[in-house]
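J.: Provided herewith is a single structure, encoded as structure tokens, for subsequent inquiry.
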Amino acid sequence: MSHLRLLQPVPERERLAPVADPGALAILWSLAPGPLRTLALGRAAALGSSATARRLRALLAAGLVRRRVLSTVPPHVRWELSAAGADVVRATGPLRAWARGGGDALQ
């Protein structure tokens with residue numbers, strides 16, 4: 001009977017899916033200091049334009065970022081963390097620190 005438990009939905013998996021991608025985490029971490037325009041955000045996260053756009057759409061759908069259209073000519077878009085996105089940044093801070101330190105346990 002224990003094998004049946006493996007077939008049950010895992011709520012954590014659904015909640016983690018939007019940030020399971022390192023590119024998505026890089027975007028969230030890049031937004032931690034404050035809002036950024038799309039091009040600057042892609043550069044900060046070291047992502048190409050299509051990869052940035054794809055991940056931003058997923059993060060927006062998950063409620064982790066907010067999109068602000070600035071009324072300029074031409075219009076500009078700024079991205080910022082939502083409260084939930086800020087929670088993810090705080091929760092993954094130790095993971096980022098570990099990765100920045102070289103991830104010694106993996107060597």
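The values are calculated or read from the model by the stated rules, or taken from the named source; none is laboratory data. Note that the structure is predicted; figures quoted are calculated from it, not measured. Here the Cβ is made from the backbone with ideal geometry for all residues, glycine too, and neighbour counts use every protein chain on show.
J.: Would you check if there is a residue in the stretch 93-105 being buried (at least 16 other Cβ atoms within 10 Å of the Cβ) and either in a helix (DSSP H, G or I) or at pLDDT 95 or above (or both)?
T.: Here is the first cut: in the stretch 93-105, the residues buried (at least 16 other Cβ atoms within 10 Å of the Cβ) are none.
No; the residues of the stretch 93-105 include none that is buried (at least 16 other Cβ atoms within 10 Å of the Cβ) and either in a helix (DSSP H, G or I) or at pLDDT 95 or above (or both).
J.: If you go through the stretch 68-81 one residue at a time, do you hit one that is under 25 Å from Glu12 (Cβ atoms) and at pLDDT 95 or above? Working first, answer last.
T.: Looking only at the stretch 68-81, we keep the residues that are under 25 Å from Glu12 (Cβ atoms), and these are 81.
After this cut, where a residue has to be at pLDDT 95 or above as well, the list is 81.
Yes: the stretch 68-81 contains one or more residues that are under 25 Å from Glu12 (Cβ atoms) and at pLDDT 95 or above.
J.: Select from the stretch 2-33 the residues that are at pLDDT 90 or above and touching a Ser or Thr at 6+ places or on another chain (Cβ under 9 Å) and write down the one among them that is surrounded by the most Cβ atoms within 10 Å (Cβ to Cβ). Reasoning before the result, please.
T.: Restricting attention to the stretch 2-33, the residues satisfying the condition of being at pLDDT 90 or above are 23-33.
When the remaining residues are screened for being touching a Ser or Thr at 6+ places or on another chain (Cβ under 9 Å), the result is 23, 25, 27-29.
On the way: Gly23: 18, Leu25: 21, Ile27: 28, Leu28: 23, Trp29: 19.
Residue satisfying both the conditions and the ranking: Ile27.
J.: Of everything in the stretch 38-83 that's small (Gly, Ala, Ser), in a helix (DSSP H, G or I) and surrounded by 15 or more Cβ atoms within 10 Å (Cβ to Cβ), which residue is nearest to the chain's Cα centre (by Cα)? Break it down into steps so the answer makes sense when it comes.
T.: Let us first name the residues in the stretch 38-83 that are small (Gly, Ala, Ser), namely 40, 42, 44-46, 48-51, 53, 58, 61-63, 71, 82-83.
Pick out the ones that are also in a helix (DSSP H, G or I) and you get 40, 42, 44, 49-51, 53, 58, 61, 83.
Checking which are surrounded by 15 or more Cβ atoms within 10 Å (Cβ to Cβ) leaves us with 42, 44, 51, 58.
Numbers: Gly42: 12, Ala44: 13, Ala51: 12, Ala58: 9 Å.
The selected residue is Ala58.
J.: What are the pairs, 6+ residues apart or on separate chains, where a residue within the stretch 36-58 that is within 13 Å of Pro22 (Cα to Cα) has its Cβ under 7 Å from a residue that is among the acidic types (Asp, Glu) and surrounded by fewer than 19 Cβ atoms within 10 Å (Cβ to Cβ)?
T.: Arg55/Asp21
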